[in-house]
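The values are calculated or read from the model by the stated rules, or taken from the named source; none is laboratory data. Everything quoted here is computed from the prediction, not taken from an experiment. All Cβ positions, glycine included, derive from the backbone under ideal geometry; neighbour counts span all protein chains shown. When the accessible area is computed, the model is the full protein with side chains, heavy atoms only, and any ligands, DNA or RNA have been set aside. Shrake-Rupley method; radii C 1.70, N 1.55, O 1.52, S 1.80 Å.
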Amino acid sequence: MSTRFTIQRLGAQGDGIASGEGRDVFIPFTLPGETVTAAREKDRAMLLAVLEASPLRVEPACRHFTECGGCALQHMEEGAYRAWKRERVVQALKAKGIACEVGDLVPCRPQTRRRAAFTARRTEGGMLLGFNRHLSAEIIALEECPVTLPAIVESLGRLRELAGLVCATRDPFHLTVTATDSGLDIAAQGSGRMGEKQRRIAADFVIREGFCRLSVDGEIVIEPKKPVVMFGNVAVAVPPGVFLQATAEAEQAMADLVGRHLARARRVADLFSGCGSFALRLASRAEVHAVEGDAPALAALDRGFRHAAGLKRVTAEKRDLFRRPLTFKELAAFDGVVFDPPRAGAEDQARQIARSDVPFVAAVSCNPVTLARDLAILIEGGYGLKGVTPIDQFLWSAHVEAVALLEKPKKRR
C-alpha cells in the first residue's frame, strides 16, 4: 500500500527522511522538500513516485541508478551535493563541540575510481557480474558505470567471462578489480577451490586478455606483470587485495595537504601506513617510520623504498596499532605524525599522540564521526586544530574523506 510523504531532510546515508506515525521513515532517492508516494515497511520505504520534485533534482548519470546500490545521490544537483557532503563533516565536528574552519569539498570527477568490488554468481542463464541492489543480495548486471575508470568499465564483458572461469561455487563471490599502471589486477574472493585444469584455463585467459594478475583468496594464480602503483615518484608493486585509496586524484589531494603541513618535520611517523601512499611521498624530504599491521602491504612499501632513488631513510614496523599503539614515549622521536586508520578510527593511538609533544599532526579519515572523536582527544591534549578539508572520492555516495591538521605549541622551558 502506498503512503504519501513529505521529505524533511537527508540522513547520513543520503536517504530522504520523512515523519510518519511518530517516527522517522527513510526513503532512498528522494530530496528535501519533495512530496512522494512510497511503500512503507517499518522505518523504511520504497519510493514509488515523486509527486512534487525538488528544484535540486537532476537527471541521473547512469541507467542503473536506483537499482544498483553503488550510488545514492545521482539525482541531486552538484552544488547541493557538495554542500551536503561538506556539512556531514561540519555536523560531526559540531557534535563533539569542535568549532574550526572546514574547507570546501575537494570534488571527485566521474570516471576516476580505480578500484571496483563486483559481486558475481553463476546462474542458469549464465554468469552475473555487477553490484548488489540497494539493501539487497540481488546482483544487478552492469552495462555501464559513470563512477569507474573506463579501463574497468570497458572490460566488463571480459571480467564476466573470467568470473565464470574461476567460479567453483554456487554461492555469490567477490571480484575486486584495480586499475594499476601495469593493467588490471583481479582478485577473486570466495569463488571456490579450482582444479588444475580450471586454473590453467583461467591463467591462459589472463595472459591472452592482457590482465596483469589474477589471484584467488590471496593466492596468485598467474602474474604476467607486476601490478604497479605510483606514490608520487615511487613505483610500488602492490600485493593482491591490498587497500588503496579509491581514486588517484583524491590520494594526491590528501598527500598534498599532509605534505605541506609536515614540511618542517624532519622525522615523521606514518601510522596505518598501508603500502606507503604518504610515507613514500614524505620521504622526499624527511625520514619516515612506517607502521602497519598488514605484512604484505608493509613489504611492498619497503620494496618500493629500496628500489627508489633520492629518498631519505624509510623504516618499516609491523604492528597492530589497535592493540599496541605507539606510546607517547616512542613518539618523542618524531616531530611529525600522520595517521590514516580504518573507519573505526584510532582512539587509543590518538590518546597516545595527545600525551606527546609532537608539534605537527595530520589526521586522515573516511569516517567523520570517528574523526571528530579522535580530534576531540587531541584537542583536549593541547593540540590546536588548524583546519579540516573534506575530500570526495566516493562520487554520489554518502561517504566522505577528511584531512585534519593540528599543531601543538612547544613547551616553554
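Values computed for the structure shown
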| item | result |
| --- | --- |
| Sum of side-chain charges, Gly97 neighbourhood, beta-carbon under 13 Å (Lys, Arg +1; Asp, Glu -1) | +2 |
| Value of [θ]222 nm, deg cm²/dmol, for the chain, DSSP H segments ≥ 4, -39500 (n - 2.57) each, nearest 500 | -7500 deg cm²/dmol |
| Computed E for Gln198/Asn233 - FRET, C-beta separation, R0 25 angstrom, nearest 0.05 | 0.05 |
| Summed side-chain charge close to Phe131 - residues other than Phe131 whose Cβ falls under 11 Å, Lys, Arg +1, Asp, Glu -1 | -1 |
| Where labels lie 7 Å past Cα in the beta-carbon direction, separation of Arg303 and Arg266 in nm | 3.4 |
| Extension gain (nm, one decimal) between Lys225 and Ala151, 0.36 nm per residue minus Cα-Cα | 25.0 nm |
| Under the Karplus curve 6.51 cos²θ - 1.76 cosθ + 1.60, θ = phi - 60°, whole-Hz ³J(HN,Hα) for the stretch 283-294, x wherever Gly or Pro sits | 5, 5, 9, 9, 6, 10, 10, 9, 10, 7, x, 8 |
| Accessible surface, per residue, of the stretch 351-413 when the full set of protein chains is kept, probe 1.4 Å, Å² | 40 |
| Spacing of the two label points (7 Å from each Cα toward its C-beta) at Asp217 and Asp256, in nm | 4.4 |
| Equivalent ellipsoid semi-axes, the stretch 72-137, via Cα gyration tensor eigenvalues times 5, rooted, Å | 36, 15, 11 |
| Under the Karplus curve 6.51 cos²θ - 1.76 cosθ + 1.60, θ = phi - 60°, whole-Hz ³J(HN,Hα) for the stretch 171-183, x wherever Gly or Pro sits | 8, x, 9, 9, 10, 9, 10, 10, 7, 10, 5, 9, x |
| Estimated D of the chain in µm² per second, where Rh is the Kirkwood radius over Cα pairs and Stokes-Einstein applies at 4 °C, 1.567 mPa s | 56 |
| Which of Met127, Met230, Met254, Met1 is most accessible, then next, and so on - probe 1.4 Å | Met1, Met230, Met127, Met254 |
| Once the Cα gyration tensor of the stretch 25-70 is diagonalised, semi-axes √(5λ) in Å | 18, 15, 8 |
| Relative contact order for the stretch 170-236, counting Cα pairs under 8 Å that sit 6 or more residues apart, in percent | 31 |
| Label-reachable residues, the stretch 33-64, where backbone N falls under 14 Å from a point 7 Å from Leu135's Cα toward its Cβ | 38-48 |
| Apportionment of accessible area to carbon and sulfur, the chain, percent (1.4 Å) | 50 |
| Proximal aspartates and glutamates to Lys408, defined as alpha-carbon separation beneath 16 angstrom and excluding residues fewer than eight positions away on the same chain | Asp335, Asp357, Asp374, Glu380 |
| Whichever aspartates and glutamates have a C-alpha closer than 16 Å to that of Lys85, once near sequence neighbours (fewer than 8 apart) are set aside | Asp15, Glu77, Glu101, Asp104, Asp392, Glu401 |
| Ratio of the Cα radius of gyration of the stretch 214-343 to 2.2 N^0.38 Å, where N counts its residues | 1.04 |
| Fully extended contour minus Cα-Cα distance, from Ile207 to Met46, at 0.36 nm per residue | 53.5 nm |
| Whole-Hz ³J(HN,Hα) from phi, Karplus 6.51 cos²θ - 1.76 cosθ + 1.60, for the stretch 271-282, glycine and proline x | 9, 6, 6, x, 7, x, 4, 8, 4, 6, 6, 5 |
| Environment charge of Leu149, counting only residues whose C-beta is closer than 13 Å and scoring Lys/Arg +1, Asp/Glu -1 | -1 |
| Viscosity 0.890 mPa s, temperature 25 °C, Stokes-Einstein D of the stretch 1-137 from Kirkwood C-alpha radius, µm²/s | 145 |
| Taking N as its residue count, the alpha carbon Rg of the stretch 99-186 over 2.2 N^0.38 Å | 1.31 |
| Amide H contacts under 5 Å for Met76, placed H, 5+ residues apart | Val58 |
| Surface accessible to a 1.4 Å probe, per residue, for the residues of the stretch 1-147, Å² | 53 |
| Proximal aspartates and glutamates to Lys225, defined as alpha-carbon separation beneath 15 angstrom and excluding residues fewer than eight positions away on the same chain | Asp181, Asp185, Asp204, Glu209 |
| Taking N as its residue count, the alpha carbon Rg of the stretch 165-273 over 2.2 N^0.38 Å | 1.33 |
